[in-house]
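S.K.: The structure that follows is given in the form of structure tokens.
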Amino acid sequence: MDFLRPASWEEALAAKAEHPTAVPIAGGTDVMVEINFDHRRPEYLLDLNRIGELSEWEVGQENVRLGASVPYSHIMEHLRAELPGLALASHTVASPQIRNRGGVGGNLGTASPAGDAHPALLAAGAEVEAVSVRGTRMIPIDAFYTGVKRNALAPDELIRAVHIKKADGPQQYSKVGTRNAMVIAVCAFGLALHPETRTVRTGIGSAAPTPVRAKEAEEFLNAALEEGGFWDSRTIITPSVAAQFATLAAGACNPIDDVRGTASYRRHAVGIMARRTLGWTWESYRGTGRSTEGAA
Ligand SMILES: Cc1cc2nc3c(=O)[nH]c(=O)nc-3n(C[C@H](O)[C@H](O)[C@H](O)COP(=O)(O)OP(=O)(O)OC[C@H]3O[C@@H](n4cnc5c(N)ncnc54)[C@H](O)[C@@H]3O)c2cc1C
């Protein structure tokens, strides 16, 4: 196995173009497990750790541009206000050691349906900045996951950053695991209220071949909130509306039975998490007392 150590982003892109089968390594918390267990023996490892810009972030007017290698611990520490859903999801990842190494670029590279960043990215609205020597393209997060542990990157592309919409309202993340820490999700649910556009977005983890949004549930809730005047009145959401949202969210799942849980348990749990996260976020929205216009 050859170890490629580019000193700059340009060198990394050139190396990936020359060796498209090279496996990038950032924190290594997925890659090294696969190599140690002999599940993967790549001809080339492409070490991205000398490229400082991948560990940087910028907070813009509308978006946060999060470098692919920014570790979860930094998201929790520095971006809680801008990316509350992702910060909450980051909290649930593994242990402090893993959170100091692993990041969103690696989570996207692995594209496991159980990865914790995905529901938060789907709910917030994000785009993946994919770059090769051929140029840069922005991949909407909804189009990024193409199958079980498969993503939309071309063989010569690397993830440079993820552009995530800054929160304009409350966000939540809920995860069911077999214990409280160091656990891969049995299933997970992310929810973001977007008062500026009067919409709600969701993300479901580990309950379908890829991370998915519960689009029918979103459409139902968006219509119910609008018709009932809830965004303006900030009154408690009718229980029947919350129940129907939960039922539709559970219906968006396409889970399997595996060692971590059964399909029917996952469906049930996603419904519960959908109702709870809606309750939590809506309570927080009601309590903010902020105008929906220009809220940031
Ligand atoms: C003990 C343990 C517990 C864990 N618990 C959790 C958990 O609770 N939740 C969770 O979501 N994950 C968990 N993981 C998995 C892992 O920590 C995460 O997926 C993490 O986000 C991976 O980030 P990384 O930087 O370490 O990626 P790496 O291991 O370096 O890379 C992962 C994949 O992404 C690719 N890649 C990395 N960077 C780029 C880039 N810039 N461009 C293109 N491809 C890239 C790599 O080639 C590889 O395919 C756990 C892992 C361990 C070992």
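S.K.: Go through region 19-61 and count every residue that is assigned to a loop (DSSP other than H, G, I, E, B) and of a type outside the set (A, V, I, L, M).
M.R.: First, pick out the residues of region 19-61 that are assigned to a loop (DSSP other than H, G, I, E, B): 19-22, 26-30, 37-43, 48-51, 56, 60-61.
Still in the running and of a type outside the set (A, V, I, L, M): 19-21, 27-30, 37-43, 49-50, 56, 60-61.
The number of residues fulfilling the criteria is 19.
S.K.: Just to verify a result, which residue in region 172-185, among those that are among the hydrophobic types (A, V, I, L, M, F, W, C) and within 11 Å of the ligand (Cβ to nearest atom), is modelled with the lowest pLDDT?
M.R.: The selected residue is 181.
S.K.: Scanning for something of a type in the set (S, T, N, Q), buried (at least 19 other Cβ atoms within 10 Å of the Cβ) and either farther than 17 Å from residue 270 by Cβ or under 15 Å from the mean Cα position of the chain (by Cα) (or both), does region 150-164 turn up at least one residue?
M.R.: Within region 150-164 (the criterion being of a type in the set (S, T, N, Q), buried (at least 19 other Cβ atoms within 10 Å of the Cβ) and either farther than 17 Å from residue 270 by Cβ or under 15 Å from the mean Cα position of the chain (by Cα) (or both)), the answer is yes, since at least one residue qualifies.
S.K.: For the list (1) free of Cβ contacts under 8 Å to residues at least 40 places away in the same chain; (2) over 18 Å from residue 135 (Cα atoms), I need the number of the one condition that residue 15 fails.
M.R.: Condition not satisfied by residue 15: (2).
S.K.: Against the definition (without any contact (Cβ under 8 Å) to a residue 40 or more places away in the chain and part of a loop (DSSP other than H, G, I, E, B)), how does residue 137 come out, yes or no?
M.R.: Values: without any contact (Cβ under 8 Å) to a residue 40 or more places away in the chain: yes; part of a loop (DSSP other than H, G, I, E, B): no.
When the stated conditions are applied, residue 137 does not pass them.
S.K.: I'm trying to understand the selection: among the residues of region 62-86, which are of a type in the set (Ser, Thr, Tyr) and assigned to a loop (DSSP other than H, G, I, E, B)? Full working, then the answer.
M.R.: Step one: of region 62-86, the residues of a type in the set (Ser, Thr, Tyr) are 69, 72-73.
Listed by number, the list holds a single entry, 69.
S.K.: A further question on this structure: Pick out the one residue from 85, 52 that is more than 9 Å from the ligand (Cβ to nearest atom) and surrounded by fewer than 18 Cβ atoms within 10 Å (Cβ to Cβ).
M.R.: On the way: 85 fails: surrounded by fewer than 18 Cβ atoms within 10 Å (Cβ to Cβ).
That would be 52, the only listed residue that is more than 9 Å from the ligand (Cβ to nearest atom) and surrounded by fewer than 18 Cβ atoms within 10 Å (Cβ to Cβ).
S.K.: Residues that are surrounded by 14 or more Cβ atoms within 10 Å (Cβ to Cβ): which helices (runs of 4 or more DSSP H) entirely in region 175-253 hold 3 or more of them?
M.R.: Once the helices (runs of 4 or more DSSP H) in region 175-253 are filtered for at least 3 residues that are surrounded by 14 or more Cβ atoms within 10 Å (Cβ to Cβ), what remains is 215-227, 239-251.
S.K.: Across region 123-134, which residue is surrounded by the most Cβ atoms within 10 Å (Cβ to Cβ) among those that are within 11 Å of the ligand (Cβ to nearest atom) and free of Cβ contacts under 8 Å to residues at least 40 places away in the same chain?
M.R.: Here the answer is 128.
S.K.: Condition (residue is crowded, with 24+ Cβ neighbours inside 10 Å and charged (D, E, K, R)) applied to region 100-113: is it met by at least one residue?
M.R.: No, the conditions are met nowhere in region 100-113.
S.K.: Of the numbered conditions (1) exposed (fewer than 14 other Cβ atoms within 10 Å of the Cβ); (2) under 13 Å from residue 189 (Cα atoms), residue 266 fails exactly one; give the number of that condition.
M.R.: (1)
S.K.: Could you look through region 87-134, keep only residues that are part of a loop (DSSP other than H, G, I, E, B) and touching a Lys or Arg at 6+ places or on another chain (Cβ under 6 Å), and pick out the one that is farthest from residue 9 (Cα to Cα)?
M.R.: Per the stated criteria, the residue is 92.
S.K.: Test residue 7 against the criterion of being in a loop (DSSP other than H, G, I, E, B), closer than 17 Å to residue 160 by Cα and more than 11 Å from the ligand (Cβ to nearest atom), and give yes or no.
M.R.: When the stated conditions are applied, residue 7 passes them.
S.K.: Consider only pairs whose beta carbons are under 7 Å apart and that are at least six residues apart or on different chains; among these, list those whose first residue lies in region 63-86 and is touching a residue at least 24 places away in the same chain (Cβ under 8 Å) and whose second residue is aromatic (Phe, Trp, Tyr).
M.R.: Within 7 Å, the pairs are 64/57; 65/57; 66/57; 67/57; 70/57; 85/173.
S.K.: Return the only residue of 29, 92 being closer than 23 Å to residue 146 by Cα and at pLDDT 95 or above.
M.R.: 29
The values are calculated or read from the model by the stated rules, or taken from the named source; none is laboratory data. Computed from a predicted structure; not experimentally measured. Cβ: placed from backbone, ideal geometry, glycine included. Neighbour counts: every protein chain shown.
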